[in-house]
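Read through the structure below, which is laid out as C-alpha cells, and then see the notes.
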Amino acid sequence: MWPRQSRHIGPDHCRRAVPGGRVVRRPSVPAALALGVLLLVPSCGWGGTADGDEGRLPAAPTGVTAAAGSATSVHVMWNAVSSDGLGGYEVYRDATRVREVPGSTHMVDVTRLRPSTTYVFTVRARDTEGRLGPPSRAVRARTPATVAADTSAPSRPGRARGRAAGSRAVQLSWAASTDDGGVASYDVHQGDTKIHSVRGTQTATVVTGLRPGTRYTFTVRARDTADNVSAPSAAVRVTTAPGPGDGRDTAPTGFRATTRRADGAYHIDLSWVPPQVDGVITEYQVQLDGRPATSLVFGGTAPRDRAEYSFYIGQEAGVSHRVRIRPRLPDGTWGGFSAERTVTTGGGS
C-alpha cells in the first residue's frame, strides 16, 4: 500500500505524492543536483502552516484502533500527535464525547457499554487554548456476549518474560490464560498502573516510550467477557539500555532499495516490513546520504506486513546514494533506523 500524502523538508524543490506512489515534482534548480530534487520549497503552497505556528489547530490523530476489553468495555488507542501546544485528547463514541485525557496519554478504556453491540469511535486532539482539531478516522469495535452468572476469573498468565528493546522499549510475552467463557483481553501494568490492553488472542506486546537506563516492573492480567480479572502474572523486571540506543527492535526490517528509470528520470523504490509495536505506524522518515530527505504519512489503513514507497531522484546516471528509513512510533518518538542500502542510478540497485 502506498502513502496517501508526504511531508518534505528543504529549500530546493516542490513535489507531492499521488495515488500509486508516483511523485509529481516541479524543479527549481538543475535536476542533476540529486539531493535537491527530494526537497520541498516552503512557498509551494501545497502544505499548511508549519507545525507549531500560531493559529494552527492540532492534526487529526492517526493509527486509531479499538478492541473490546470485555463485554462492557473497549480499549481505544491512537498515535501521539506532534504539537507544541497540545493540551489533550477527546474520545467520542458515535457523536458523544465519552472521555478526555491529557496530551501525555494516547490510550483509554471506554466502559459501561452493552454486550454484543458494535460501537464507532473517533479521537480529536485539543490544544492548550481548548480548540479541537479534526476528528480521526472512525474505527469500530464489537463487544462480545457476556456469560450468564460468570463470576470465575481467568487463570493467571504464566511464563511472563521480558527483555529490553533498545533504550526506549521493552518486549513482553506470556503464556495464555484459560477461562470457561474465554479470555477477552490482557491488561499490561507498569507497577500499579494499567498502561495498555491487548486482545485475548495476543500473548506478546512491545511497550514503547520508556526512558533510557531505567528499571521497570511489569505484570500481566487476563480479563474475561464478564470483566473478571485474573491474578497478576509473575513480575517482569527489565532495565532499558543506556543512552539514546539504536532502537534495533523498533526498526523496519527486510529493507530493500532499488533504482529504476521512468519518463526520462531515475527513481528510488523502497520496501520494508514495519516493526511490531503496540499501535499502528503511519509515519516514516527517509534519510538520504546521511540527511533527512522526506517524511511520508500513510492515509487510510497503514500497512502491517510490507510497505512500499517510491520517489524521484534525478536524471543523471551513475550517481550513488545511501538510503535508510525509520518509523515514528505510536507514542510519538522515533524508532530505530533500518539497515542502510546503497543504490546507483542506472545501475539497477
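Just so you know, all these numbers are worked out from the coordinates, no wet-lab data involved. Here the structure is a predicted model, which is why all the values come from computation and not from measurement. Reconstructed Cβ throughout: ideal geometry from the backbone, glycine too, with neighbour counts over all protein chains shown.
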Q. For the stretch 65-142, what is the convex hull (Cα atoms) projected area averaged across all directions, in square nanometres?
A. 4.6
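Hey, with R₀ at 41 Å, roughly what FRET efficiency would ALA317 and ARG137 work out to, going by the Cβ-Cβ distance, to 0.05?
Values: r = 42 Å, r/R0 = 1.03.
Efficiency for this residue pair is about 0.45.
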Q | Per-pair calculated FRET efficiency, R0 = 56 Å: ASP263 and ARG215 via Cβ, rounded to 0.05 | A | 0.50
Q | Cα-based radius of gyration of the stretch 158-239 once divided by 2.2 N^0.38 Å, which approximates compact folds | A | 1.07
Q | Approximate spin-label separation THR193-ARG256, in nm, with each point projected 7 Å along Cα-to-Cβ | A | 4.3
